[in-house]
């Protein structure tokens, strides 16, 4: 895990804000600004510079943008909390237990990963047998299905792990309801019962859960390579980095527990990649040697790893100017195909992509 | 150096190359484009602006370009790109300058939450800024252009930037966007006004831009104290009438006309409360511009 | 709703309020909602937010502020206003 990779100003800053900030030139601040805004990480930069008392090093007008980003982040945080309360109201009325996933979970656990983060959809997990009932309860409380195209309906219901995305009519917020953390058709099949067993209640909200901190890490790592969109790629790495740093400080035997749990849930491979790219891009301190990783049998063959490195690190580069945008577009496309390949049996893959390509914007 | 003093070829080259750096209100913009007409429009409408050297942080990198090689010849189109992000669908190329104006509005409304941004025209006289929120059909731009032709200072035709720390309004004097009939009305006001060629059949009908006065552009950095919020309503055959609007209702209407009130949260509530508190609030019906000038002038002197 | 009900604020939150004459604007940070209401309605809301309040207590409060108003008018106003505040989910009779 020591291959040199090309660092942009954003990853340099995220790796080591204390050392970089005093030495950044105006041009470097400019690049940091553009790269972080492009990857939805400007709020994170605002949070880090404030928390680490680095504001004094910033060009004055960049500070203005950070004030703006900070306000945006705090409103976003507030609205996620409100959304969670509304979902809780809808589902607890029907006594449907559910677990918050990803961003909403970080918020309700006040995890380090929730600071300076922008949230889009809320994701929740319900048990498969509650899926229909959950949908009914949510629709009764003002959510409606957004995918009315019958093909999309079938795609979501049959092959994906979620109901078609729901939208709240009044607040225009999006909600994804899952019953497993990966689709039933994926080659990897983590045991959802084990994940439910170790989930943790949120005090004050009976029936509302979050994944255990270790499962949260694993889910974050899995999400990184199994979702279609890599626009948010670096943001997801930043999430995982924050979860890893926090876990290793708060949980005894964190790394060993993490590896064992990954093996149990058959998520060793995504974890390997997650750790690898966190370390390469953000210098996440990982208290495991390569040989240890190998001993857990999670490392992929060398060639696979090499291809992934090339694809992924390129996809993580903010694609604003220069940087060979065409090539990058292709890279992101391949990753998109790859993550779909992980989700669905191959024969299903092509029709859906084709439809995505020819269908006009909705 | 003023943009209007830059030789045309140099301006085109710069647009096609590293871009033209402009300070527009509080924002530094880098604009690149190879589309025909952009340099011309810049020259006529932004001529009063100085071209900046590249020693300042750029807030918005904007690129106007043709989306694909094939479309360059049949029905040529233009895209607006903000740091590589395309917030809009392409438009016919003849609308590219209007697209620049709309796109810049979009950049500010979505990225400048250090201000409460209210959709409105703002003009100032004797240190008192009047805010004219932009409800559809209000004729705010016509009124704004008219007042500017009478020597009022233009702060903005499109947005009030209310500082969240001081409550003062920061100017962002840009070309005034005129639609349909108002183009001819404004042209007839004075020979000294420059109004660009109309762009036909845009989403907003015919659009033409009026150059902001040099004196307003020069006072780019001078903030103004809000003194009145006036909801204009242009109506054919109407008498000029100024009627008091309750502060509570003014508050609500301003919140509705704001791009980012909801994003500012409690801060937005406090900033807007202070703004409404210090302003006189009116509904204003008008048809005759001369009467409008005198009614509003009286408010300044009151 | 009946007159022995106690009214609670629906969601624990600060409430920002500014009054101009007989109108008030209020802002609820928890939901991000802004409302314009009669000053008297805002007063009722703020009273309930400070501590759970029953109908009779609210009546006493309003009677003290609006001395010119008859008891039946105050009753009607209070009943309607409390219903409105429940409709928009600002107050509730059920402790959460």
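Within the range B:120-151, being under 30 Å from residue A:74 (Cβ atoms) and either within 14 Å of chain A (Cβ to nearest Cβ) or surrounded by fewer than 20 Cβ atoms within 10 Å (Cβ to Cβ) (or both) holds for one residue alone: B:135.
One line per residue, one yes/no per condition, for (1) assigned to a helix (DSSP H, G or I); (2) closer than 15 Å to residue C:33 by Cβ:
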{"residue": "B:243", "(1), (2)": "no, no"}
{"residue": "B:251", "(1), (2)": "yes, yes"}
{"residue": "B:254", "(1), (2)": "yes, no"}
{"residue": "B:265", "(1), (2)": "yes, yes"}
{"residue": "B:275", "(1), (2)": "yes, no"}
{"residue": "B:282", "(1), (2)": "no, no"}
{"residue": "B:285", "(1), (2)": "no, no"}
{"residue": "B:294", "(1), (2)": "yes, no"}
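Applying the condition of being out of contact with any helix residue (DSSP H, G or I) (no Cβ under 7 Å at 6 or more places or on another chain) and free of Cβ contacts under 8 Å to residues at least 40 places away in the same chain to the range A:10-23 and asking which residue is nearest to the other protein chains (Cβ to nearest Cβ) yields A:23. For the criterion of being at pLDDT below 95 and in contact with a strand residue (DSSP E or B) (Cβ under 8 Å, 6 or more places away or on another chain), residue B:239 passes.
Residue-by-condition table, conditions (1) modelled with pLDDT of 95 or more; (2) surrounded by fewer than 20 Cβ atoms within 10 Å (Cβ to Cβ); (3) touching a strand residue (DSSP E or B) at 6+ places or on another chain (Cβ under 8 Å); (4) facing chain B (nearest Cβ under 8 Å):
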{"residue": "A:61", "(1), (2), (3), (4)": "no, yes, yes, yes"}
{"residue": "A:92", "(1), (2), (3), (4)": "yes, yes, yes, no"}
{"residue": "A:98", "(1), (2), (3), (4)": "yes, no, yes, no"}
{"residue": "A:101", "(1), (2), (3), (4)": "yes, no, yes, no"}
{"residue": "A:106", "(1), (2), (3), (4)": "yes, no, no, no"}
{"residue": "A:109", "(1), (2), (3), (4)": "no, yes, yes, no"}
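Within the range B:84-100, the set of residues being surrounded by fewer than 19 Cβ atoms within 10 Å (Cβ to Cβ) and either within 15 Å of the chain's Cα centre (by Cα) or assigned to a loop (DSSP other than H, G, I, E, B) (or both) comprises B:84, B:86, B:87, B:88, B:89. Within the range B:21-41, the set of residues being touching a residue at least 40 places away in the same chain (Cβ under 8 Å) and either under 26 Å from residue B:170 (Cα atoms) or surrounded by fewer than 21 Cβ atoms within 10 Å (Cβ to Cβ) (or both) comprises B:23, B:24, B:25, B:26, B:27, B:29, B:31, B:36, B:37, B:41. In the set (1) in contact with a strand residue (DSSP E or B) (Cβ under 7 Å, 6 or more places away or on another chain); (2) at pLDDT 90 or above, the condition left unmet by residue B:71 is number (2). Taking residue B:290, is it in contact with a strand residue (DSSP E or B) (Cβ under 8 Å, 6 or more places away or on another chain) and either closer than 20 Å to residue B:176 by Cα or not in a helix (DSSP H, G or I) (or both)? No: the conditions fail for residue B:290.
Within the range C:14-32, can you find the residues that are touching a residue at least 24 places away in the same chain (Cβ under 8 Å) and either under 19 Å from residue A:85 (Cβ atoms) or within 9 Å of chain B (Cβ to nearest Cβ) (or both)?
C:15, C:28
Quick grid of which residues meet (1) in the same structural domain as residue B:212 (by TED's automatic domain parsing); (2) touching a helix residue (DSSP H, G or I) at 6+ places or on another chain (Cβ under 6 Å); (3) part of a helix (DSSP H, G or I):
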position: B:15; (1), (2), (3): no, yes, yes
position: B:23; (1), (2), (3): no, no, no
position: B:28; (1), (2), (3): no, no, no
position: B:48; (1), (2), (3): no, yes, no
position: B:53; (1), (2), (3): no, no, no
position: B:56; (1), (2), (3): no, no, no
position: B:61; (1), (2), (3): no, no, no
position: B:75; (1), (2), (3): no, no, no
position: B:78; (1), (2), (3): no, yes, no
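Quick check on the range B:294-301. Is at least one of its residues more than 14 Å from chain C (Cβ to nearest Cβ), within 30 Å of residue B:49 (Cα to Cα) and surrounded by fewer than 19 Cβ atoms within 10 Å (Cβ to Cβ)? Yes, the range B:294-301 contains a residue that is more than 14 Å from chain C (Cβ to nearest Cβ), within 30 Å of residue B:49 (Cα to Cα) and surrounded by fewer than 19 Cβ atoms within 10 Å (Cβ to Cβ).
Only a single criterion out of (1) touching a strand residue (DSSP E or B) at 6+ places or on another chain (Cβ under 7 Å); (2) part of a loop (DSSP other than H, G, I, E, B); (3) modelled with pLDDT of 95 or more is not satisfied by residue A:206, namely (1). The set of residues in the range C:64-92 being under 15 Å from residue C:39 (Cα atoms) and loosely packed, with under 13 Cβ neighbours inside 10 Å consists of C:64, C:65, C:80. Could you list, in sequence order, the residues of the range C:64-77 that are out of contact with any helix residue (DSSP H, G or I) (no Cβ under 6 Å at 6 or more places or on another chain) and outside any loop (DSSP other than H, G, I, E, B)? Answer for the range C:64-77, where residues must be out of contact with any helix residue (DSSP H, G or I) (no Cβ under 6 Å at 6 or more places or on another chain) and outside any loop (DSSP other than H, G, I, E, B): C:64, C:65, C:71, C:72, C:73, C:75, C:76, C:77.
All told, residue A:218 falls short of being touching a helix residue (DSSP H, G or I) at 6+ places or on another chain (Cβ under 9 Å), at pLDDT 90 or above and under 21 Å from residue A:79 (Cβ atoms). Buried (at least 19 other Cβ atoms within 10 Å of the Cβ), within 11 Å of chain B (Cβ to nearest Cβ) and closer than 20 Å to residue B:111 by Cβ: is that true of residue A:33 in this structure? Yes; evaluated as a whole, the condition is true for this residue. Within the range A:173-202, the set of residues being modelled with pLDDT of 95 or more and either part of a strand (DSSP E or B) or closer than 27 Å to residue A:76 by Cα (or both) comprises A:199, A:200, A:201, A:202.
The values are calculated or read from the model by the stated rules, or taken from the named source; none is laboratory data. Being a predicted model, the structure only gives us computed values, none of them experimental. Glycine also receives a Cβ, built like all others from the backbone with ideal geometry; neighbour counts cover every protein chain displayed.
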